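Here the structure comes first, spelled out in structure tokens, and everything after it is commentary.
The values are calculated or read from the model by the stated rules, or taken from the named source; none is laboratory data. None of the values given here were measured: they were computed from a predicted structure. Positions of Cβ are generated from backbone atoms using ideal geometry, with glycine treated the same way; all protein chains shown enter the neighbour counts. The protein model used for the area step is the full one, side chains on, heavy atoms only, and it has no ligands, DNA or RNA in it. Shrake-Rupley method; radii C 1.70, N 1.55, O 1.52, S 1.80 Å.
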Amino acid sequence: MKVILNVDVKHLGEEGDVKNVANGYARNYLLPRNLVVVYNETTAALFEARKAEIEARKEVKRQNARSLKEKLESAELVIEMPAGSNGKLYGAVTATVIAEALAKQGFEIERKRIEIPGLAIKSVGNYHATIKLYEAAVAEVKVAVKAQERNGEAPAAEKKAEEPAAKEEKAE
């Protein structure tokens with residue numbers, strides 16, 4: 001069945017798009033919720049008249065995506081996780097963890113939009129996560145994964161770096 005979208009529908013398209021969908025999907029889901037109208041000459045003419053309004057809304061979304069991209073790329077996430085002495089994490093930093101860290105900084109990003117190289121970060125270090133925004137807009141976010149301090153102690157990797165300095169002071 002050929003339909004025109006009234007609103008943006010996830011995994012289908014944006015407002016004003018003409019799509020072919022299964023009859024049952026249109027009758028049972030899309031039409032009862034007023035997400036689409038059946039395509040015919042009348043509805044096509046109606047949407048042609050609204051085309052400028054729809055394009056204006058899409059342009060606003062593009063502008064919002066550009067500004068969000070700039071803000072995300074300037075922000076740096078620091079995530080502290082429990083880790084062993086070799087820098088390997090007990091657990092992993094996933095898209096959900098990054099989405100929660102972004103939410104603490106005031107960014108509401110769905111975890112499904114976040115891509116991490118290798119699906120999860122499993123060791124301490126600096127990484128980049130990719131966030132899909134709107135259309136082709138993509139933001140690169142810097143993610144620094146650090147070992148969490150245990151009971152007030154510095155992580156073992158940092159302790160080893162501090163020990164030689166302490167020995168030099170005693171020798172003098």
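Once you have the Cα-Cα distance between residue 43 and residue 25, take 0.36 nm times their residue separation minus that, and quote the gain in nm to one decimal.
On the way: separation 18, 0.36 × 18 = 6.48 nm, distance 1.93 nm.
Gain on stretching residue 43 to residue 25: 4.5 nm.
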request  = Quote to one decimal, in nm, the extra length available between residue 18 and residue 88 on full extension: 0.36 nm per residue of separation minus the C-alpha distance between them.
outcome  = 20.2 nm
Rounded D (µm²/s) - segment 31-90, Kirkwood Rh over Cα pairs, Stokes-Einstein at 10 °C, 1.306 mPa s = 96 µm²/s
remark   = The pairs in 51/132; 71/112; 19/61; 10/146; 19/71; 10/122 lying past 28 Å Cα-Cα in this model are 10/146; 19/71; 10/122
message = Nearest 5 percent is fine: what portion of the DSSP beta bridges confined to the chain is antiparallel?
response = 80 percent
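Counting each DSSP H run of 4 or more residues in the chain as -39500 (n - 2.57), what helix-only mean residue ellipticity at 222 nm follows after dividing by all residues, to the nearest 500 deg cm²/dmol?
My calculation for the chain gives -11000 deg cm²/dmol from helical runs alone.
For segment 1-98, what does the accessible surface come to per residue with a 1.4 Å probe? Please give it in Å².
Working: 6040 Å² over 98 residues.
Dividing the accessible area of segment 1-98 by its residue count gives 62 Å².
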ask   = How far apart, in nm, are two points set 7 Å out from the Cα along the Cα-to-Cβ line at residue 1 and at residue 67?
value = 3.9 nm
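Mind giving me the FRET efficiency for residue 8 and residue 120? R0 is 25 Å, r the Cβ-Cβ distance, nearest 0.05 is fine. Can you show the working numbers first?
Details: r = 30 Å, r/R0 = 1.20.
Efficiency, rounded to the nearest 0.05: 0.25.
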query = Where does helix 51-74 land angle-wise versus the long Cα axis of the chain, in degrees 0 to 90, nearest 10?
reply = 0 degrees
query = Round to a whole number: what % of the accessible area of segment 1-75 belongs to carbon and sulfur, probe 1.4 Å?
reply = 52 percent
ask   = In whole percent, what relative contact order does the chain give with Cα contacts below 8 Å and a gap of six or more residues?
value = 18 percent
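How long are the semi-axes of the equivalent ellipsoid of segment 69-124, defined as square roots of 5 times the Cα gyration tensor eigenvalues? Whole Å, largest first. Mind dumping the intermediate values first?
Values: eigenvalues 95, 30, 19 Å².
For segment 69-124, the semi-axes come out at 22, 12, 10 Å.
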query = Any idea which of 123, 32, 18 is furthest toward the positive side of the dipole for the chain, if Lys and Arg beta-carbons carry +1 and Asp and Glu beta-carbons -1?
reply = 32
Under-5 Å amide H pairs with residue 80, H placed in peptide plane, nonlocal only = 146
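Would you kindly calculate the translational diffusion coefficient of segment 1-151, applying Stokes-Einstein with the Kirkwood radius from alpha carbon pairs, for 4 °C and a viscosity of 1.567 mPa s, and quote it in µm² s⁻¹ without decimals?
Details: Rh = 18.3 Å.
Result for D is 71 µm²/s.
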ask   = Considering only protein heavy atoms, what is the solvent-accessible area of residue 111 at a probe of 1.4 Å, reported in Å² to the nearest 10?
value = 130 Å²
ask   = Relative to the longest principal axis of the chain, what angle (0 to 90°, nearest 10) does the C-alpha long axis of helix 95-104 take?
value = 90 degrees
